[in-house]
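Here is the structure we will look at.
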Amino acid sequence: MKNPISTTDFSLEKQGYGRYKVTYTSPVTRKQWSCVTNDSELIDNTFHCDTPKVRDLNTLKMICKL
């Protein structure tokens, strides 16, 4: 069975003005991928929202895995 993606799979660290370091941890393999992004709209839609959309979470995961 596939595990659903959630905000607990991500960690957020502020790097400076408008820059964030996002780390994605796979719930199955526990591998980690990191990226630095300045897409504040995506950060707001995932971390500063009560119910983030799966589409936004998958987009953030793809950015981390590049």
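Here region 57-66 is the region considered, the condition is being touching a residue at least 24 places away in the same chain (Cβ under 8 Å) and closer than 21 Å to LYS2 by Cα, and the residue that is surrounded by the most Cβ atoms within 10 Å (Cβ to Cβ) is LEU60.
Of the residues LYS21, LYS2, which is basic (Lys, Arg), touching a Cys at 6+ places or on another chain (Cβ under 8 Å) and more than 12 Å from LYS61 (Cβ to Cβ)?
Criteria check complete, one pass: LYS21.
Contact map, region 39-56: residues that are more than 21 Å from ASN3 (Cβ to Cβ) paired with residues that are surrounded by fewer than 17 Cβ atoms within 10 Å (Cβ to Cβ) and among the polar types (S, T, N, Q), Cβ distance under 7 Å, separation 6+ or inter-chain. Pairs shown: LEU42/THR59.
Every number in this text was worked out from the coordinates using simple rules, so none of it is lab data. No experiment lies behind these values; they were computed from the predicted model shown. Counting neighbours? That spans all protein chains shown, and the Cβs are built from the backbone with ideal geometry, glycine included.
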